[in-house]
Amino acid sequence: FQSAALLASMTIHDNIALPLVEHTRKSKKEIRDIVIEKLRLVFLNEDILDLKPDSLSGGMRKRVGIARAIALDPEIILYDEPTTGLDPVIAQGINELIVTLQKKLGVTSIVISHDIPGAKFISDRMAMLFKGVIEEDLPPDRIDSSPSPAVQQLLKAETKGPLTEDF
């Protein structure tokens, strides 16, 4: 989720523990151990367990959301605009975290993003959509040379502003 979809009324521990409580029969101690393990995987410490999401920075909230997403050890993670609203340094940190988790957990990541440089950094393949249709599906190092006018316009918009023509 773009906002990390954390429940404001719950602590960080309870947010991350939620899928474990709802979908497993693990003990409270096992759940706490898993929550701490997942926090460490996203480079956060257990000293935030009793805090509420509103007391964290945007980047920390995103990482807590990722910790909750990996709580049940999924095979696939869908990220919806994971760097939206973050400054470029924090956004790059989130991109690096996604790549790290892909390697450490052997998880497939599907990332929906308007951040072309970030998508190139994360991706093995990039599918570029235009009006709901896949215009291009290439390795990131080949996307810039796509012959598709729509893709070229999208790439141009990345650096020059809003789309023009019929795009």
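Answer with yes or no whether THR100 is part of a loop (DSSP other than H, G, I, E, B), closer than 30 Å to VAL151 by Cβ and either without any contact (Cβ under 8 Å) to a residue 40 or more places away in the chain or not hydrophobic (A, V, I, L, M, F, W, C) (or both). No: the conditions fail for THR100. Restricting the first member to the range 122-142 and to residues that are within 21 Å of ALA91 (Cβ to Cβ), and the second to residues that are open to solvent by 100 Å² or more (accessible area, probe 1.4 Å) and not acidic (Asp, Glu), the beta-carbon pairs closer than 6 Å and six or more apart or on different chains are ALA127/ILE134. Evaluating VAL107 against the criteria (1) closer than 30 Å to ILE143 by Cβ; (2) modelled with pLDDT under 95 leaves one unmet condition, (2). Quick check: is even one residue across the range 66-81 modelled with pLDDT under 95 and touching a Gly at 6+ places or on another chain (Cβ under 9 Å)? No - not one qualifying residue is present in the range 66-81.
Of the numbered criteria (1) over 22 Å from ILE31 (Cα atoms); (2) open to solvent by less than 10 Å² (accessible area, probe 1.4 Å); (3) among the hydrophobic types (A, V, I, L, M, F, W, C), the one ILE70 fails is (1).
Could you list, in sequence order, the residues of the range 20-32 that are buried (at least 16 other Cβ atoms within 10 Å of the Cβ) and in contact (Cβ under 8 Å) with a residue 24 or more places away in the chain?
If we filter the range 20-32 for residues that are buried (at least 16 other Cβ atoms within 10 Å of the Cβ), which is where we start, we get 20, 31-32.
Correct list: LEU20 only.
The set of residues from the range 33-67 being surrounded by 20 or more Cβ atoms within 10 Å (Cβ to Cβ) and either in contact with a Ser or Thr (Cβ under 6 Å, 6 or more places away or on another chain) or outside any helix (DSSP H, G or I) (or both) comprises VAL42, LEU44.
The values are calculated or read from the model by the stated rules, or taken from the named source; none is laboratory data. For clarity, every value in this text was computed on a predicted model and none was experimentally measured. Positions of Cβ are generated from backbone atoms using ideal geometry, with glycine treated the same way; all protein chains shown enter the neighbour counts. We work out accessible area using only protein heavy atoms, side chains counted, and drop any ligands, DNA or RNA first. Shrake-Rupley method; radii C 1.70, N 1.55, O 1.52, S 1.80 Å.
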